[in-house]
1. What tally of residues in the range 150-160 results from selecting those that are in contact with a Phe, Trp or Tyr (Cβ under 6 Å, 6 or more places away or on another chain) and either more than 27 Å from residue 259 (Cβ to Cβ) or modelled with pLDDT of 90 or more (or both)?
2. Could you please give the count of residues in the range 72-95 that are touching a strand residue (DSSP E or B) at 6+ places or on another chain (Cβ under 7 Å) and surrounded by fewer than 17 Cβ atoms within 10 Å (Cβ to Cβ)?
3. Being without any contact (Cβ under 8 Å) to a residue 60 or more places away in the chain and either over 14 Å from residue 269 (Cβ atoms) or in contact with a Ser or Thr (Cβ under 7 Å, 6 or more places away or on another chain) (or both) is the filter here, so list the residues in the range 190-205 that pass it.
4. With the structure loaded, tell me whether residue 187 is touching a helix residue (DSSP H, G or I) at 6+ places or on another chain (Cβ under 6 Å), buried (at least 16 other Cβ atoms within 10 Å of the Cβ) and modelled with pLDDT of 95 or more or whether it fails that test.
5. I'd like the full set of residues that are among the small types (Gly, Ala, Ser) and free of Cβ contacts under 8 Å to residues at least 24 places away in the same chain, limited to the range 77-92.
6. May I ask you to list the residues in the range 27-57 that are in contact (Cβ under 8 Å) with a residue 24 or more places away in the chain, over 21 Å from residue 125 (Cα atoms) and either within 15 Å of the ligand (Cβ to nearest atom) or not aromatic (Phe, Trp, Tyr) (or both)?
7. Just give me the residues in the range 248-269 being of a type outside the set (Phe, Trp, Tyr), touching a residue at least 60 places away in the same chain (Cβ under 8 Å) and part of a strand (DSSP E or B), in sequence order.
8. Restricting attention to the range 114-173, report how many residues are in contact with a Cys (Cβ under 8 Å, 6 or more places away or on another chain) and of a type in the set (Lys, Arg).
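The values are calculated or read from the model by the stated rules, or taken from the named source; none is laboratory data. All of these numbers come straight from a predicted model, not from anything done at the bench. Heads up, the Cβs are rebuilt from the backbone with ideal geometry, glycines too, and the neighbour counts pull from every protein chain shown.
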Amino acid sequence: MESANLHHSVFNIEEKRRELEQQGLTRVEVKRRVEDRYRMFSKKGAFTCLCCGKTVNMNLTKDAGRPFYFRHNDESECSYSQNTKTYEKQLSKLEDPSKKDIGLTIFREILEGELKPYGITIDRGYHYKKKLSFIPDFIIQFPHSDKRWAVDYFTAIGQGANSRSYARHLSQRMKTYEEEGFKVFSFVDSSWLSFLEETNKGTLLNAETHVTSKNHEDDLWDTFFNENIQGELLDFFKIETGFDSGECDTRNIAYVDINNRHCTILRFLPISKHERNITFYKLSSSVVPLTKALKVNAEQDQFILSEENEEEKRNNFLEEIIERKNNSLQSRKC
Ligand SMILES: [Zn+2]
């Protein structure tokens, strides 16, 4: 556990470690500095568990790269200590730790800035007061209600040969969140974005399909598509793109470029399924600053993400298909 109570406020030992390391101190120096300043509090039982209130002991690992942590003095487990273990196991197995570390610091900073003024609290997922089998990066709790959101930033969605088991992991993760009553927001690191401008098509791993979502704007795209693309135009679109499903099912996925603090919302139409992945056709994309994407809408039921009316994009999409169809007819006549 990286945090404990000290004198009625949260004390994060990992934050302290990072702070000192950023000042250029070696591991030995960092360890000595923390020992000198805080060991006596640990000995006096001043650090207590954020979850169960038991006394915890400060542990300073000497190996560089390993975390500092707190542990219950009596070595018992509570939901915080169990959730921390589960989270760390998932982290070391499934994530890119340095990217995750930077990313979560930025997410936290932005979320706190955007949500705290509304009295909404942001906490790390492992602080949840109940044992979970999958731990979100952040849990957002709304005041005067039991409304809870789970927010994840995925850094290594593929995992090479294990992509099938990772897809299963994500599918179970989403199921657990749902059962727990969380509304889910997933963000994928933009290094996973694979899309070709020239064909307007891209590939999603099966794992990625589990972190897509469908909101009001996607429904509007479905309605627009079904009303406007019919008959010969639909036949043309099917031949041109390989779209062979009878139903239009628009979905969206959010990619985050953490260095530039940008979020890309990609709206797409799945056109074919393969063993490890799906091929999609892009309907629209919007690049927005992460600070804008992580604002909460007026109804407080959704992050804004790329809130904009895509009516114009839909009309352009239709015009372009009609134009391509006419061009193909003309070239056939010539
Ligand atoms: Zn505890």
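1. Adding up the residues that qualify gives 3.
2. Summing the residues that are touching a strand residue (DSSP E or B) at 6+ places or on another chain (Cβ under 7 Å) and surrounded by fewer than 17 Cβ atoms within 10 Å (Cβ to Cβ) in the range 72-95 gives 1.
3. Correct list: 191, 194, 196, 197, 198.
4. no
5. Selection gives 92 alone.
6. 27, 28, 31, 34, 35, 45, 46 - these are the residues of the range 27-57 that are in contact (Cβ under 8 Å) with a residue 24 or more places away in the chain, over 21 Å from residue 125 (Cα atoms) and either within 15 Å of the ligand (Cβ to nearest atom) or not aromatic (Phe, Trp, Tyr) (or both).
7. 253, 254, 256, 257, 262, 263, 264, 266
8. Total meeting the criteria: 1.
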